[in-house]
Each structure stands twice: as C-alpha cells, then as structure tokens.
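Scroll down for the structure; my scribbles are underneath it.
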Amino acid sequence: MASFWKILPEGSLGRIEHRLLCVILAILACAATALVIHSAWTGSLTALLLRSMFFSLMTSAGLFIVGAARKSALARLVLYALGAFVLVPGPYLYTNYMDIIFSGGIADTSHMVLFTLAVIAALTLARFTVGWVMVGLGVVALAYAFFGQYLPGAYGHAGYSLGRVTSNLFLRTEGLFGLPMGVAAQYILLFSLLGTLLLRTGLGQVFVDLAHAMTGRIQGGPALTAVISSTMFSSINGSAVAGVVTTGTFTIPLMKRTGYRPKVAAAIEAAASSAGQIMPPVMGAAAFLMAELTQTPYAVIAAAALIPALLYVFALLVSVRLEAGKFNLARAEGDDIPTLASVLGGRGYMLLPLIALVGFLAYGYTPAKAAVLCIISALVISVFSKDTRLGPSALIEVMVDTIRNVLPVVAAVAIAGMLIGVLTLTGMALKVSTMILEFGGDSMFLVLCLTMLASFVLGLGMPTSAAYLLLAILIAPALENFGLPIVAAHMFIFYYGLLSAITPPVALAAYAGASIAGASPNETAMESIRLGFVKVVAPFLFVYAPELLLIGTPVEIALATFAAFAGVFAAGAAMTGWCIRPLGRVDLAVFWLSAAFFTYSLIVDQLDPTGLAAKAAGTLLIAVPLWRLWSSHENRSANLAS
C-alpha cells in the first residue's frame, strides 16, 4: 500500500491533502481507463457522450495534478475547484443527451455556462501542460468567432453570439468534442497505456540489451545501440524527450566511455529518440489521427510511413558508424555486452505483446481493439516473473502515469477541436489555405517552402499528436488544394511539425541529451541537425517522389527506394568526411556529386531516361571510390600484418 501514495509527489502538500489527492487521482484514472477500454471493445457509446465524458475525467485529473504542484495554497484551491467543476459537463451531456437532440442542439443558459467552464478548464490545463502558444491559439480562435465583424476585408465575418458558438462547439461533435478529442479517447490513451505498461514491466531495458547484443562488438557499437534501442523505445511512447531521458541514461555514458565527444553522444541519442515519432506502427499516435483526418485506412498510413522512417534510421546508423571510424573510437568491453541468445532466452517473451499488436492489426482488428488485446496479453505475460508482476497498486500507478503522459495531448486536442470548430463556422480554414497558395503562386517548391516554415513554427515544442493536429487543420489543406496526394501532404507537414525536437530554439530532445552528457545545448542541437538531416530533406523527396510513400508501381517504388538509400549513404559519408579511411577533396566531391545525382533522379519520373541515367551515374560515382578505398585499406592492413 505504501507505493500507492507515491502516485503523486507529496512536495509541500500536507499529509491529508496528499492522500486525498492520491485517492481522487486513482478514481479518475481508473474511470477514464475503464471508459476508454469499454468503448474500444463494445463501441456502445455515441461520439459526443464518449468524448465529453473523456474530456471531463481527463481534464479534472489534469487540473488536480497541476494544482498539487503549486506552492500557493490559494492557487491549489482554485485549480482543485476548477477540477471538480469540470467533472460536470460530461455527465450532464450524458444524462440530457436526448433532450439536446430533440431541441436541435440549440444552446440554453445552462449549456453556455457549462461551455464557458469547459473552455476555462481546457485553457488552464493547456497553460500548464503545453504552454502559452496553445492558449493563445484558443483565445484568438474564440475572439475571432465573437468579434470577426470588426475585421476588414475577406477575413472578417458577421460575428457569432455565445449561444451560437456554444451550440457548435459544445453540443455537437464539431468543436471541443470534435474528431481530435475522439482520436485521443479512442486511440491515444489506449496506446499510451500499452506503452506505459510495457515499459513498467522492463521492456525498455530489453530494447537496450537487444540493441547492445546486436551492435556492441562493432566499432561505434554503443552509438548503434543508442540508435536502435531509442528508436524502438520512442516508437512506443511517441516522445523524443522521454526516449532521451530513459535510454540516454545508459547509452550516453557508454558512448562517452568509448570515445564519442559529449555533444555527439547527446546528439546521437536525441536524433535517435526522434525516430520513434515517425516510425510505424504507432508514430506517437499520429498514425491513427492521420487515418481519421484523411479518411485513409490505417494500414495504408503505416505502410506509407515505413520507407521514410527506415531512411532516417539508416542515415543515423551510417553517420554514427562513420563517426566511429573517423575518430578510431574504441569498442565496448566484451564483458559488458550480453549475447543475443541470453537476452531473447531470458526476456524475449516480453516482446510478444508488440508482435501481437502487429499481428492483430494485420488480421483486421481495429487499432483500438488490437490495443486492448495487447494490454491484456501484456498483463498476462507479466505474471510469469516476480520482477514484472504488477499488483493493484502498481496497476493504478501505471494508469495515473498514463493519464499524466496524455494530459498535454488532451489539452491540445481540446483547443485544436475548438479551433477546427471556429474555422469551420467562419469559413476561415479555406482562407488560410488560399493565403499560402496566393503567396506561393504556381510554384510547388515555393508553396512547399512556405508550408515548411509554417509547420516548423507552429510545431515548436508541441507534443507529436498535438503538432500534427494543428498543422493538419491549418496547413495541410493548402497542399491538398495544390494537387498533392493527401497522404504526401499530411506526411510533409507531420515531419516538419516534429523537427523542433532537435532544432533550435526549442530542441527539447537535444537539450535533454546535453544535460545528461554535460555538453553545450546549442552545440548538441547543431550536431542533432547534422545527424538527423534526413528529417529535413525527406519531406521534399517524398513529395516529388511519392513512390517513397508506396504510391506507384513496384518497379518505381524499388527504384526510388534504392536512389534514396544510396543518396543518403553518399551524403552521410560526405558530411562525415570519412569512409573506410579519411576522404580527400576529390573523394568528397565525388560523394557529393553522387548524392546530387541520386537526388535529381528522385525529382523526375522514376522511369524517365534522364532519371535512370542519373541513378546509373550516381551508382558508378559511389562504387568506384568505395572499391578504391576498400582496396587501399586491405593493402595497408596486409602490409601492417607482414
């Protein structure tokens, strides 16, 4: 029972207050989890009821959590009161649902009061979990709805009353309880719960040990371990920062011991932890959001994301291996490296829920049902070892931790839903897209550049799902209207919305890695950009070469994939300045030219004669120096041996 009281830090709270809060959080976490699992399995709740109940439970829990962290007793009291009051809207809509339908969704005074309360609660939660940017967007959206008549020109409108706004944003599934909140209730909480449960049973360490067993004996092995383990870890929880602070505590010191410079070790971990956000099948839950928003089957989204994600990981592996060769770094000590057989034989069974997840999805289960089945399988598997077995207190801790992890997303999707509702109500969504297209003119490249900048700025410091939601609402329609395939348009804004994790001025993942490594934060961020350069260029590549998103014939897809991977290898070697041995100026020029040929071959038709010629030229340019460098290395090794 003692561990139960640890679900919330005691801090400056009194004993009675702390224990009461722990009980309240446990009840709210259990209720939210039960609601989501029941809905996922039975599908018996209508959208408005599920989303409103989910919003009330999650927002209430969030306000109690952020309130407990305040030092001021008055601030805590205000947040607790708001947390208690926000429990009302969900049950109210549940009990009065039929009356609302028969009234045509026309808001009365009680509805307007509850809507105002819900908005204040959502903005307050966003203030403490996401930041002022999301709060500002919510306030601006509501102000635009109420006072649009004061704006001149095409961007103004007649203005709407509180009753009309309440009717649209509160009593229908077009605002606060819109599609974004639905995705959070149907998918995000479930997959976050699955990830938290798996990591609580020690799966994170299994990832690290597996990667270490596979790569530890290679030069640069610790960095390769970081890339593989952090990619696997962050693909579950979808958070680059969480990946850094979890796997980085092991991989960064190990990299430093074998000779990696602190800033490079931290950058490798940050770039690797960012890979999980773009790696199927979960992609920080954005895969399910994208499937809903684009009305595209989830399997298509996951398949389309695979090649670009593997390209990013391949670029990291190439960069860290060449970095190790360039500085002749030491290998990890043999005694520290487990064998693959020992890891799989001892704890390989812990991977079964993840394997089952892919199997359930492939078999045709909905993502929500697949997640429920995997949660059950994880609980069953955890019973077989006393180290992984979870009692009631531990399960409650897992649920509370899940709630805590999902809070930023809930706050963001609530405001994103309001933003969508206002944009739909006022017609502003089309105007934003029109503005981008007007500035870009007929130039696809200019439209893409403007979209890239807008996506990067709007995604600064945002959680994966929240960043994608915001960009899908505001920016993606411009690319769709320009004629891009809908999956390519959404993948483009998705990638650039996540770039801030390793890019100044935010670079949260890079800064987290720098704090562990004892390196300069800004230098670490710059190294992260160098290592993660594929994330910068890949969106342009798959817009011009949609074959990388599996849009095209098998031959075209194969040619584009070959060109992309070969070009990334050439660019990685050129940026590192080492491949088998240090590269001279001529070799550097040849590798850069090879990368340029492969890039050109991607932006023309894959079966176009000039594109095929560019691929052939790139292959020749990369093959000749590789053969020469390898031959000279072998000859030198033979001479040293004799």
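On alpha carbon coordinates alone, what is the Rg over Rh value for the stretch 224-350, Rh being the Kirkwood radius?
Numbers: Rg = 16.3 Å, Rh = 15.7 Å.
On the Cα set of the stretch 224-350, Rg over Rh gives 1.04.
Below 8 Å, C-alpha to C-alpha, sequence gap of six or more: please give me the relative contact order for the chain in percent. Before the final figure, lay out the partial values.
Values: 1027 pairs, mean separation 105.1, N = 642.
Answer for the chain is 16 percent.
Past the 27 Å Cα-Cα mark, which pairs from 71/256; 263/326; 6/263; 369/431; 369/535? Write down the numbers at each step before the final one.
Values: 71/256 39 Å; 263/326 16 Å; 6/263 35 Å; 369/431 38 Å; 369/535 32 Å.
Correct reply: 71/256; 6/263; 369/431; 369/535.
Between residue 632 and residue 562, how high is the FRET efficiency from 1/(1 + (r/R0)^6) when r is the Cβ-Cβ distance and R₀ = 30 Å? Nearest 0.05.
Values: r = 27 Å, r/R0 = 0.89.
Efficiency, from the Cβ-Cβ distance: 0.65.
Using the alpha-carbon atoms, what tilt in degrees (0 to 90, nearest 10) does helix 203-215 show relative to the longest principal axis of the chain?
Once rounded, the angle reads 10 degrees.
If you average the C-alpha positions of the stretch 110-152 and of the stretch 375-405 separately, how far apart do those two centres end up, in angstrom?
About 37 Å separates the Cα centre of the stretch 110-152 from the one of the stretch 375-405.
Could you pull the accessible area for residue 173 with a 1.4 Å probe, rounded to 10 Å²?
Ignoring ligands and nucleic acids, residue 173 comes out at about 60 Å².
Taking +1 at the Cβ of each Lys and Arg and -1 at the Cβ of each Asp and Glu, which of 234, 193, 213 sits farthest along the dipole of the stretch 183-272 towards its positive end, judged by Cα position relative to the Cα centre?
213
Debye calculation, C-alpha points only, no solvent: report log10 I(q)/I(0) for the stretch 477-521 at q = 0.17, 0.25 Å⁻¹, in the same order as the q values.
Log-scaled intensity ratios, in q order: -0.57, -0.79.
Dipole size in debye (nearest 20) for the stretch 136-273 around its Cα centre, Lys and Arg Cβ +1, Asp and Glu Cβ -1?
On the way: 8 positive and 3 negative charges, 68 e Å.
Magnitude of the dipole: close to 320 debye.
Show 94, 600 ordered by accessible area, largest first, where the area counts protein heavy atoms only and the probe is 1.4 Å.
94, 600
Can you give the FRET efficiency for residue 389 and residue 515, using 1/(1 + (r/R0)^6), R0 = 41 Å, r = Cβ-Cβ distance, to the nearest 0.05?
0.75
Need one value: the accessible area of residue 85 in square angstrom, 1.4 angstrom probe, rounded to the nearest 10.
120
Read phi for every residue in the stretch 467-484 and hand back ³J(HN,Hα) as whole Hz from Karplus 6.51 cos²θ - 1.76 cosθ + 1.60, θ = phi - 60°, with x for Gly and Pro.
Each residue's phi maps through the Karplus curve to give 4, 5, 4, 4, 6, 5, 6, 8, 10, 4, x, 5, 5, 5, 5, 6, x, 6 Hz.
At 7 Å along Cα-to-Cβ for each site, give me the label-to-label distance between residue 117 and residue 342 in nm.
The modelled label-to-label distance comes out at 5.9 nm.
Starting from the amide H of residue 159, placed 1.01 Å from N in the peptide plane, find each other amide H under 5 Å away whose residue is 5 or more places distant or on another chain.
Those qualifying (amide H under 5 Å, at least 5 residues apart or on another chain) are 148, 149.
Based on DSSP loop calls and a cut-off of at most 13 other Cβ atoms within 10 Å, the longest stretch of the chain free of exposed trypsin sites (Lys or Arg not before Pro) is what? Could you put the intermediate results ahead of the total?
Working: sites that count: 71, 217, 386, 389.
No qualifying site falls inside 390-642, the longest such stretch.
Might you work out the accessible area of residue 486 for me, using a 1.4 Å probe with all protein chains in place, and round it to the nearest 10 Å²?
60
Ordering 365, 97 by accessible area with a probe of 1.4 Å, largest first, what comes out? Display every interim value, and only then the final one.
On the way: 365 85, 97 55 Å².
Order by accessible area, largest first: 365, 97.
Quick check for me: using +1 on Lys/Arg Cβ and -1 on Asp/Glu Cβ, what's the dipole size of the chain about its Cα centre, in debye to the nearest 20? Please report the intermediate quantities before stating the final value.
Details: 32 positive and 26 negative charges, 264 e Å.
Roughly 1260 debye for the chain.
Suppose R0 equals 30 Å; then what is the FRET efficiency for residue 94 and residue 23 from their Cβ-Cβ distance, rounded to the nearest 0.05?
In this case the efficiency is close to 0.80.
When the helices in the chain are scored as -39500 (n - 2.57) per DSSP H run of 4 or longer and the sum is shared across all residues, what 222 nm value do you end up with, to the nearest 500 deg cm²/dmol? Let's see the in-between values first.
On the way: 31 runs with 473 residues, N = 642.
Roughly -24000 deg cm²/dmol at 222 nm, from the helical runs in the chain.
How big is the dipole moment of the stretch 327-399 about its Cα centre under a simple scheme where the beta carbon of each Lys and Arg is +1, that of each Asp and Glu is -1, and everything else is neutral? Debye, nearest 20, please.
Numbers: 5 positive and 5 negative charges, 64 e Å.
So the magnitude is around 300 debye.
Around residue 479, with a cut-off of 15 angstrom between Cβ atoms, what is the net charge of the other residues, counting Lys and Arg +1 and Asp and Glu -1? Mind showing how you got there, number by number?
Working: positive: none; negative: 438, 442, 480.
Here the count lands on -3.
Accessible area, 1.4 Å probe, largest first: how do 631, 601 sort? Provide the component values of the computation, followed by the final result.
On the way: 631 35, 601 0 Å².
Per-residue accessible area, sorted high to low, gives 631, 601.
Considering amide H positions built from the backbone, and no H for Pro or chain starts, which residues 5 or more places from residue 578, or on another chain, come under 5 Å of its amide H?
583
Taking the chain as the reference, fit the longest principal axis to its C-alpha atoms, fit the long axis of helix 508-517 to the helix C-alpha atoms, and give the angle between the two in degrees, 0 to 90, nearest 10.
Taking Cα atoms only, the helix is inclined about 60 degrees.
Angle between the Cα long axis of helix 444-458 and the longest principal axis of the chain, 0 to 90 degrees, nearest 10?
It is inclined by approximately 60 degrees.
The values are calculated or read from the model by the stated rules, or taken from the named source; none is laboratory data. None of these values were measured; they are calculated from a predicted model. Cβ: placed from backbone, ideal geometry, glycine included. Neighbour counts: every protein chain shown. Areas reflect the complete protein model, heavy atoms only, side chains present, ligands, DNA and RNA absent. Shrake-Rupley method; radii C 1.70, N 1.55, O 1.52, S 1.80 Å.
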